[in-house]
Amino acid sequence: MEPKEIWRGIYLVGGAGISHPADCCVYLADAGPKLVMIDAGAGSGAGAILSNVEALGFEPSRISHLVATHGHIDHIGGISRIKEATGCRVIAHRRDRDAIELGDPALTAADLYGIEYWPEKIDTILGGDETAQKIGDLEFHFIATPGHTPGSIAAYIDMGEGRVLFGQDVHGPFSDVWGSDISEWKRSMEKLLELEADILCEGHAGVFRGGEVRGYIESQLLRYSRV
Ligand SMILES: [Zn+2]
Ligand SMILES: [Zn+2]
């Protein structure tokens, strides 16, 4: 895989085959004067992610916000380096604050990955079920999607030609150690289905388009239907 534009103004800039084997998929939204990054990878790939941003023709210093979809190391390990390089503000949900700001190695799953995590402050702490925030030219909607972790969030933007949904770790997995809750997750997936997004940017499985979006989320619900 290579860094590339996946939808007009939306780019894949990091991931297991792109920046580092431990990285989640990392996305970039072009919000006009500003750039918004969705997740940061596990840490070792942060330099490669920033190089990819540059290779796509963007100055990394334009990254003004970084959305941390939840507190797992493969999504947050790169925050400190990306924040240092760009001065971006970190957006995350209150219910994953202990993972992100205190860096508990069980909550972040850093112990599973064998990676050390440098805790980072959250600049914008989301608390409610849904929050809208205008960043540059784009209106971001952040939705609480607890289940995989208590503070998991999804984000969507309406781009004129379609609705783009960043739904990281739609596929689970689940663990009591992280505070996972499958019943909550099922309700969260129903919320994502209701959005009827045209594009789903997933945390590890890549990009789904059109009817594949509903198909993928429903297939995950089916996998866990007896649990
Ligand atoms: Zn996760
Ligand atoms: Zn993940």
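Residue 167 sits among other residues whose Cβ lies under 11 Å from its own Cβ, and their net charge, with Lys and Arg +1 and Asp and Glu -1, is -1.
Across the chain, the relative contact order, built from alpha-carbon pairs under 8 Å that are at least six residues apart, equals 14 percent. Cβ crowding within 10 Å ranks 1, 189 as 1, 189, fewest other Cβ atoms first. Residue 40 sits among other residues whose Cβ lies under 12 Å from its own Cβ, and their net charge, with Lys and Arg +1 and Asp and Glu -1, is -3. Overall, the stretch 4-223 carries a charge dipole of about 240 debye about its Cα centre when +1 sits on the Cβ of Lys and Arg and -1 on the Cβ of Asp and Glu, all other atoms neutral. Where in the stretch 110-139 is the amide nitrogen less than 17 Å from a point lying 7 Å along the Cα-to-Cβ axis of residue 34? Residues 122-127, 131-139 qualify, since their backbone N sits under 17 Å from the label point. Cβ-Cβ distance of residue 227 and residue 61, R₀ of 41 Å, FRET efficiency by 1/(1 + (r/R0)^6): the value works out to about 0.35. Reported value for the chain: 103 Å³ per residue, from the convex hull of its C-alpha atoms. Anyone know which of 41, 167, 127 comes out most mobile in the 10 Å Cα GNM of the chain? For the chain, modelled as a Gaussian network with Cα springs under 10 Å, the answer is 127.
Comparing 114, 140, 205 along the charge dipole axis of the stretch 97-227, the residue lying farthest to the positive side is 205, per the Cβ-charge model. Share of antiparallel DSSP beta bridges in the stretch 136-227, in percent to the nearest 5? Bridges in the stretch 136-227 are about 75 percent antiparallel. Antiparallel beta bridges, as assigned by DSSP with both residues in the chain, represent about 65 percent of the total such bridges. Taking 7 Å steps out from each Cα toward its Cβ at residue 161 and residue 132 produces label points 2.4 nm apart. Quick one: net charge around residue 123, please, counting Lys, Arg +1 and Asp, Glu -1 for every other residue with C-beta under 10 Å from its C-beta. Once all neighbours under 10 Å are counted, the net charge is +2. Taken as Cα centroids, the stretch 156-187 and the stretch 35-113 sit 17 Å apart, rounded to the nearest whole angstrom. Comparing 119, 173, 150 in a Gaussian network model of the chain, where Cα atoms under 10 Å apart are tied by springs, the biggest mean-square fluctuation is seen for 173. What residue among 42, 68, 132 shows peak mean-square fluctuation when the chain is described by a Gaussian network model with Cα springs under 10 Å? Of the options given, 132 has the highest mean-square fluctuation. Relative to the current alpha-carbon distance between residue 89 and residue 118, full extension at 0.36 nm per residue lengthens the span by 8.8 nm. Label zone of residue 187 (point 7 Å out along Cα→Cβ, amide N under 12 Å): in the stretch 114-143 this covers 129.
Computed from the coordinates by the stated procedures, all read-outs in this text should not be read as laboratory data. Since the structure is predicted, the reported quantities are computational estimates derived from the model, not experimental observations. Here the Cβ is made from the backbone with ideal geometry for all residues, glycine too, and neighbour counts use every protein chain on show.
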